[in-house]
Amino acid sequence: MKPHALLLGATLAFGALSPAMAERVGVLVFDASGSMWNRVEGNRTRIEVARDVVGEYFTGRDASVPLAVIAYGHNRRGDCRDIEVIAPMGRAAGATLAQRLRALTPRGMTPLTESLRQARAQIPATAESADIILVTDGLETCQGDPCALAAEFAAEGINIRAHVVGFGLSRTEVQALSCITEQTGGRLFETNSGAELAEALREVS
């Protein structure tokens, strides 16, 4: 085989494996703010239910689609900068992602806008489409404007769909976040149980 053919073959193989070259990617933004200690099912807290359900989502999803995971509110109380990329864009094993999720302890604020902005930063420039899935039990508490940010997403050249999965939110609270989904073509869910949360994640997958 000629050298240039070998080089071309290696390039194609790398492109098939590299998250940076993926056509479709996903980012999950997980709420680990203090309110996740509220109860949602009997004696179970929202964080306990969400850890289990999202962990199962990680292990059952299509692992060929690169995924990044961002969490907020789990390190410091009262800090709107408490946002962490717990898994950068890639094809990490679902069990690994679930384990990292189980290590989160709710403590702080709900910086929705900045978390979504950091989710956008995880999407590689080569992606043709992306799904950002926001799982939250509260509204913005850090003076951000998620509606304005969603408008920025909508104006970009690639197809960025931002989905909102409200967990334990009232219908009015969920509707307050509908601007995000309306402007990006995403889905809006009102969930109040583990089963409903799991179904919402299946639908946006």
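Key figures
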| read-out | value |
| --- | --- |
| Cβ-Cβ under 7 Å pairs, at least 6 apart or on other chains, the range 89-109 side in contact (Cβ under 8 Å) with a residue 60 or more places away in the chain and of a type in the set (V, I, T), far side in a loop (DSSP other than H, G, I, E, B) and open to solvent by less than 50 Å² (accessible area, probe 1.4 Å) | T105/H74 |
| Helices (runs of 4 or more DSSP H) wholly inside the range 155-205 containing at least 1 residues that are closer than 21 Å to A125 by Cα | 178-184 |
| Filtered residue count, the range 155-172, keeping only those that are among the hydrophobic types (A, V, I, L, M, F, W, C) and open to solvent by 10 Å² or more (accessible area, probe 1.4 Å) | 2 |
| Top-ranked residue in the range 82-100 [being of a type in the set (A, V, I, L, M, F, W, C) and surrounded by fewer than 17 Cβ atoms within 10 Å (Cβ to Cβ); ranked as nearest to E152 (Cα to Cα)] | V85 |
| Restricting the range 63-79 to residues that are closer than 13 Å to A93 by Cβ and either small (G, A, S) or more than 15 Å from the chain's Cα centre (by Cα) (or both), the residue that is surrounded by the most Cβ atoms within 10 Å (Cβ to Cβ) | A63 |
| Every residue from the range 124-138 that is open to solvent by 10 Å² or more (accessible area, probe 1.4 Å) and under 12 Å from the mean Cα position of the chain (by Cα) | D131 |
| Verdict on A130 being in a strand (DSSP E or B) and farther than 30 Å from R39 by Cα | yes |
| Residue satisfying all of: in the range 101-123; in contact with a Cys (Cβ under 8 Å, 6 or more places away or on another chain) and not in a loop (DSSP other than H, G, I, E, B); surrounded by the fewest Cβ atoms within 10 Å (Cβ to Cβ) among these | E114 |
| From the options L197, L188, residue that is touching a residue at least 24 places away in the same chain (Cβ under 8 Å), more than 18 Å from S33 (Cα to Cα) and touching a Ser or Thr at 6+ places or on another chain (Cβ under 6 Å) | L188 |
| Qualifying residue in the range 140-152 (condition: open to solvent by 50 Å² or more (accessible area, probe 1.4 Å), in a helix (DSSP H, G or I) and in contact with an Asp or Glu (Cβ under 9 Å, 6 or more places away or on another chain)) | no |
| Answer residue from the range 57-75, given it is in a loop (DSSP other than H, G, I, E, B) and not acidic (D, E) and is nearest to E203 (Cα to Cα) among those | R61 |
| Scan of the range 173-199 for residues that are aliphatic (A, V, I, L, M), open to solvent by less than 20 Å² (accessible area, probe 1.4 Å) and more than 18 Å from R44 (Cβ to Cβ), ordered by number | V174, L177, I180 |
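Yes or no, residue by residue, for (1) more than 24 Å from V65 (Cα to Cα); (2) at pLDDT below 95; (3) in contact with a strand residue (DSSP E or B) (Cβ under 7 Å, 6 or more places away or on another chain):
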| position | (1), (2), (3) |
| --- | --- |
| A121 | no, no, no |
| A125 | no, yes, no |
| G144 | yes, no, no |
| L149 | yes, no, no |
| G157 | no, yes, no |
| I160 | no, no, yes |
| L188 | no, no, yes |
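The values are calculated or read from the model by the stated rules, or taken from the named source; none is laboratory data. Given the structure is predicted, the values throughout are model-derived calculations rather than measurements. Here Cβ is always computed from backbone atoms with ideal geometry, including for glycine, and neighbour counts include all displayed protein chains. Surface areas here come from the heavy atoms of the whole protein model, side chains and all, with no ligands, DNA or RNA. Shrake-Rupley method; radii C 1.70, N 1.55, O 1.52, S 1.80 Å.
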